[in-house]
Structure formats: C-alpha cells, structure tokens
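Student: Got a structure for you, questions after.
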Amino acid sequence: MPVIAKLLLLISWLSFGIAIILLITATSMNRKQPYGVGWLNGECYLVKGGTYAGSAILVLATVGSVIGSTLATIKTNQADQGRKIHAQLG
C-alpha cells in the first residue's frame, strides 16, 4: 500500500472520529434538560447550526479521503501488474 494511501486513510479515520464526537456532543447538548442540570452550570444551551455543518464537512472529508486512498491503491496495483512479464507457454 502506498504511503499516500496510508496517509489518506489516517486522515479519514481522524476526521470520522472528530465528526462522531462533535455530533454526539452537539446532540446531547441540544436536548431538553431539567432546570439546574446540564452542560453549562444549569444554563440553557442551544447548539448552533454551524456545528452540524462542520460535522457534515468532516464526513465529506472522510469520504473524499477514502476514495482518494482507494484510487491511489488501485493505480499502484495496476502499475505493478503492467510491469510483469509472463513466460510463453508451449
């Protein structure tokens, strides 16, 4: 596997992890909370729409990295197979 493919896979996993943490936290903060209990010393907090948009961008970065890694691996495999010399039979 080429180095660029490994790097893209690492980026995809990191962005996926950050997106999941961001979505879980935002969803938890956005729920109805009892008075005096919650994230910010009992104060009401609504998550901004940009938080979900940021998660969507991270998901797109994940998908793009996975596709890029796959294409880099396919191109490397095709280049390796093109250099093989097959013996004649018969």
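Student: Could you compute the FRET efficiency for T76 and W13, with r as their C-beta to C-beta distance and R0 at 25 Å, rounded to 0.05?
Tutor: Rounded to the nearest 0.05, the efficiency is 0.80.
Student: Could you give the nm distance between label points at V3 and T27, where each point is 7 Å from its Cα heading toward the beta carbon?
Tutor: Output for this residue pair reads 3.9 nm.
Taken together, the values in this text are just the output of simple stated rules run on the coordinates, not laboratory data. If you're wondering where the values come from, they're calculated on a predicted model, not measured in any experiment. We place every Cβ from the backbone using ideal geometry, glycine too, and count neighbours over all the protein chains shown.
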